[in-house]
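Before any comments, here is the structure.
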Amino acid sequence: MSTSPRLFSTLALSLSLGLGLMASAAQAGDDANKPSKSFRAGMDISEQADLKDIGLPAYPGARMHRDKKDDKKEDKGNATIGFSFGPFGMKLVVSKFASNDELEQVSRYYREALSNYGTVLDCSPGSPEAVAAQARKSRKEKDPNGCGDVSGDRDERVYKVGTEKNFRLVSLKPVGREVQFQLMRLELKGL
């Protein structure tokens, strides 16, 4: 399951911007003759994720899933990453699960759960929204729904709801006799 390369560029940009702003704030604070200005910055990286932060329920009977990175390591299956730099900020929350239920059953459950937040886009590879988004992207036009930044395998289902800077995404993929899926929420502030 893949997420947007732009997401990781946004994270890198946010981190760079924040470190630069923190450095300037520290430099400004060194000069006692200048009026003091306050600036808040922070970073939070955790191997925990709360489904309340994602705003989606756990699928009934699903279990936490951890991808194997190699023979010795597994990822943790959950992550929360947050940065704040004055008026700028980003929060990404991801949680991974697996179920033995059919892909269509799990898919239907999450399309319904996502619909509480607005119109659900089917960004699955080959879907009309994904094809239209890719066409806009190739013409260098703005992609209002962000489907152009979602990628995945042909048999993967990807559903998204929200805006370019505040959205929820569910990615589901059949693997053997189970469905592995991740729930994600991204919020960008001031960017």
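The values are calculated or read from the model by the stated rules, or taken from the named source; none is laboratory data. In this text, all values refer to a predicted model and were calculated from it rather than measured experimentally. A quick note on method: Cβ atoms are made from the backbone with ideal geometry, for glycine too, and the neighbour counts reach across all protein chains shown.
Brief remarks follow.
- Residues of the stretch 151-191 that turn out to be assigned to a loop (DSSP other than H, G, I, E, B) and either closer than 21 Å to Phe83 by Cα or at pLDDT below 90 (or both), as a count: 9
- Here the stretch 133-145 is the region considered, the condition is being assigned to a loop (DSSP other than H, G, I, E, B) and at pLDDT 80 or above, and the residue that is surrounded by the most Cβ atoms within 10 Å (Cβ to Cβ) is Glu141.
- Residue list for the stretch 88-132, restricted to those being touching a Leu at 6+ places or on another chain (Cβ under 6 Å), part of a strand (DSSP E or B) and closer than 19 Å to Lys173 by Cα: Ser95
- So Gly148, is it crowded, with 18+ Cβ neighbours inside 10 Å, at pLDDT below 85 and not in a strand (DSSP E or B): yes
- Subset tally (residues that are under 10 Å from Arg157 (Cβ atoms) and among the hydrophobic types (A, V, I, L, M, F, W, C)) for the stretch 93-130: 3
- If the condition is being modelled with pLDDT under 85, surrounded by 13 or more Cβ atoms within 10 Å (Cβ to Cβ), closer than 30 Å to Pro174 by Cα and not aliphatic (A, V, I, L, M), then the stretch 11-64 contributes only Ser46.
- Filtering the stretch 153-191 to residues that are among the small types (Gly, Ala, Ser) and in contact with a helix residue (DSSP H, G or I) (Cβ under 9 Å, 6 or more places away or on another chain) leaves only Gly162.
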